[in-house]
1. Do me a favour and compute the ellipsoid semi-axes for region 1-40 from its Cα gyration tensor, root of five times each eigenvalue, largest one first, whole Å.
2. Quick one: length gained pulling M151 to A115 fully straight, 0.36 nm per residue minus the C-alpha distance?
3. Hull surface divided by four, with the convex hull built on the Cα atoms of region 15-107: how many nm²?
4. Determine one quarter of the surface area of the Cα convex hull of region 107-162, which equals its mean projected area, and express it in nm² to one decimal.
5. How much accessible surface does D97 have with a 1.4 Å probe, in Å² rounded to 10?
6. Please report how far the C-alpha centroid of region 1-27 lies from that of region 40-87, rounded to the nearest whole angstrom.
7. For the chain, just the Cα set please: Rg and Dmax, both in angstrom.
8. Which value in nm describes the separation of the simple spin-label points at K9 and A75, placed 7 Å from the Cα toward the beta carbon?
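The values are calculated or read from the model by the stated rules, or taken from the named source; none is laboratory data. In this text, all values refer to a predicted model and were calculated from it rather than measured experimentally. We place every Cβ from the backbone using ideal geometry, glycine too, and count neighbours over all the protein chains shown. With ligands, DNA and RNA removed, areas are computed over all heavy atoms of the protein, side chains included. Shrake-Rupley method; radii C 1.70, N 1.55, O 1.52, S 1.80 Å.
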Amino acid sequence: MSGLRERKKLATRTALADAALRLCVANGLDGVTVEQVATEAGVSLRTFFNYFSSKEEAVVAGDVATAAAFVQAFADRPREEPVLRALHAALVDVVPDRIDPERVAQLRALRRTPALLPHQIAAFAVQERELAAVVAARVDVDPATDLYPTMFAATVMATLRVVVGWWLEAAERPELSDLIGVMIARLDAGFATAGLDRE
């Protein structure tokens with residue numbers, strides 16, 4: 001019974017997030033009310049506020065869900081797997097499947113909406129902390145005394161946002177999974193070697 005309840009809650013949350021994104025793409029963030037989002041999703045206004053505190057939070061919920069799914073996929077990787085290999089596998093397993101062509105257009109249209117930025121930052125900060133905790137457990141260090149988990153998580157989340165943003169704006173869009181491979185290779189190599197072949 002609890003499993004069915006959780007699935008229904010997830011379906012409602014997804015319906016609200018999809019409705020918010022769809023309406024805000026069509027009418028602009030300022031042209032949409034919370035009441036319209038609730039109506040579009042077929043739920044009451046009270047139900048909306050059971051899941052989200054604002055329309056902005058609902059709009060970025062899809063990105064948050066993708067980040068949460070990636071963190072969980074990373075946590076589920078075999079413990080003996082090297083960190084970057086586990087990271088690569090988790091990203092490739094989760095991210096490309098969650099960004100379809102329609103969502104690409106929607107994300108591009110909303111990327112330049114300043115009012116969404118604080119909500120995106122706040123949401124990703126939560127996932128960054130979750131990722132740091134998973135990394136700390138994987139490498140068996142205490143994040144209170146070792147910077148590695150926190151720095152790793154912050155770097156990965158920031159880099160992932162940059163990679164997806166660059167991909168959305170690219171005139172000739174490569175496979176996202178290939179771009180994730182480039183991201184992992186650069187994280188592995190570090191930035192000290194960048195441009196040395198051009199000197």
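1. 26, 8, 5
2. Gain on extension, M151 to A115, equals 10.2 nm.
3. Averaging across all directions leaves 6.8 nm² for the Cα convex hull.
4. Averaged projected hull area, Cα only: 4.2 nm².
5. 130 Å²
6. Rounded to whole Å, the Cα centres lie 12 Å apart.
7. 18.5, 64
8. In this crude label model, K9 to A75 measures out at 1.5 nm.
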